[in-house]
Amino acid sequence: MSSEERIDPWGRPDIKDYRRLYEVFGIRPFSEILEKLKSMGVEPSAFMRRGIIFGHRDMDVVLNAWASGEPVAVVTGFMPSGQFHFGHMLTGLQLVFYQRLGFRVFVCMADAEAYAVRRVSREEAIKSALEEFIPNLLALGLDPQRTEFYFQTGREGPYHELIQLFSAKVTFNEMEAIYGDLSPAKVMSALTQAADILHPMLKEYGGYKYVVVPVGADQDPHIRLSRDIATRMKGEIELTPPAATYHKLIRGLDGGKMSKSRPEATIFLTEPIGEAVRKFKVSLTGGRNTAEEQRRLGGEPDKCPVFDQYLYYLVPDDSELSSIESRCRGGALLCGQCKAMGAEKLAKFLEAHQRSLEAYRDKAQSLVELPKY
Ligand code: SF4
């Protein structure tokens, strides 16, 4: 595999053509799952309908298991550091979707990985998990009774043994072929992630045979490694290759990545609303150089970070979204007007979220085992 076709899950996500992932990595189009969901009487989420979730591996297998009443789980992880933002929210809302279907939810606070590959101190990781990540996930709708939060360094039981076992199932060359340049920290983090993904299948954690992991496309190397390891454990521990769904990452307000290190481009769910609105109003757009040009040529919503915020979160109604898109393309909507409308929607969304967050601010500590050392 050429280095251009390798994905670095710890680097800057830079996927230019999502369709290439079908050809190069064997990810399957999510459109086939949309039909399946409908035939099962499940209303697909807006992320699914709008093509934000674009690919999958074995999602059909998990849905068949769910439909026949087998216990199924959804697993994800966050590197807790700083504030919870719009980039994280996409995965959070997918967890809520699966939980409402009856999936058990496992949420890893990846403090070991954050320390190893991002130099996030243990104190910061714990503080950010308790004050930001867990309360925000609950405020988005996760049911605390049916969600298992854990820290990598605080997980009890055979979880840690899995990491040792997995290290014997893969060679350094194979890992380099998947990940590119490696360091001891990255090797440990990759094997730990495989344990995060696969450990719910052990009887000590519920024995969930079917697990799905909703990830950004940049995290596929972890999915491929976990699937290979699951297959190679045959005869020692029965593990099913995990399923995955793949989503496109939301663009930041400057067209780049949303990240805590790029606060001007990122909307944080707990920041002062006026500050979020200010950033939104100076966002890059897909508009033309002049109003006259825009009326004549129309805007380009597919290049517009403002439209991304509508598409992902701020306009849940499909017909309203399509009206914004066609008025933009047709030149009837100008960016100033459009941003003023979006700023109002953003303020309303954050007000409602921050109000519901109040109920969860002090809950996190009682829901997760804190690391002991
Ligand atoms: S009108 Fe709205 S959606 Fe269209 S380019 Fe301008 S800001 Fe973006």
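A quick yes/no check of all residues on (1) under 29 Å from Phe47 (Cα atoms); (2) more than 22 Å from the chain's Cα centre (by Cα); (3) part of a helix (DSSP H, G or I):
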site: Lys186; (1), (2), (3): no, no, yes
site: Leu198; (1), (2), (3): yes, no, yes
site: Glu204; (1), (2), (3): no, yes, yes
site: Val215; (1), (2), (3): yes, no, no
site: Asp218; (1), (2), (3): yes, no, yes
site: Pro221; (1), (2), (3): yes, no, yes
site: Arg227; (1), (2), (3): yes, no, yes
Positions within region 341-372 being touching a residue at least 40 places away in the same chain (Cβ under 8 Å), assigned to a helix (DSSP H, G or I) and farther than 17 Å from Met89 by Cα, in sequence order
Gly342, Ala343, Ala359, Ala364, Gln365, Leu367
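Residue-wise test of (1) more than 8 Å from the ligand (Cβ to nearest atom); (2) more than 18 Å from Phe86 (Cβ to Cβ); (3) within 24 Å of the chain's Cα centre (by Cα).
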{"site": "Arg295", "(1), (2), (3)": "yes, yes, no"}
{"site": "Asp308", "(1), (2), (3)": "yes, no, yes"}
{"site": "Tyr312", "(1), (2), (3)": "yes, no, yes"}
{"site": "Val315", "(1), (2), (3)": "yes, no, yes"}
{"site": "Gly330", "(1), (2), (3)": "yes, yes, no"}
{"site": "Leu333", "(1), (2), (3)": "no, yes, no"}
{"site": "Gln337", "(1), (2), (3)": "no, yes, no"}
Could you tell me how many of the residues in region 77-114 are at pLDDT 95 or above, under 26 Å from Ala185 (Cα atoms) and out of contact with any strand residue (DSSP E or B) (no Cβ under 8 Å at 6 or more places or on another chain)?
0
Tell me, please, whether a residue that is in the same structural domain as Ala112 (by TED's automatic domain parsing), assigned to a helix (DSSP H, G or I) and under 18 Å from Met109 (Cβ atoms) can be found in region 172-179.
no
Would you tally the residues in region 266-293 being surrounded by fewer than 16 Cβ atoms within 10 Å (Cβ to Cβ), within 15 Å of the ligand (Cβ to nearest atom) and not in a helix (DSSP H, G or I)?
3
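Within region 303-340, which residues are assigned to a helix (DSSP H, G or I) and more than 27 Å from Thr91 (Cα to Cα)? Don't jump to the end; show me each part of the working.
Residues of region 303-340 assigned to a helix (DSSP H, G or I): 303, 305-314, 318-329, 335-340.
Within region 303-340, Ser326, Arg327, Cys328, Arg329, Cys335, Gly336, Gln337, Ala340 qualify.
The values are calculated or read from the model by the stated rules, or taken from the named source; none is laboratory data. Values in this document were obtained by computation on a predicted structure and should not be read as measured data. Quick reminder, even Gly has a Cβ in these numbers, built from the backbone with ideal geometry, and neighbours come from all protein chains shown.
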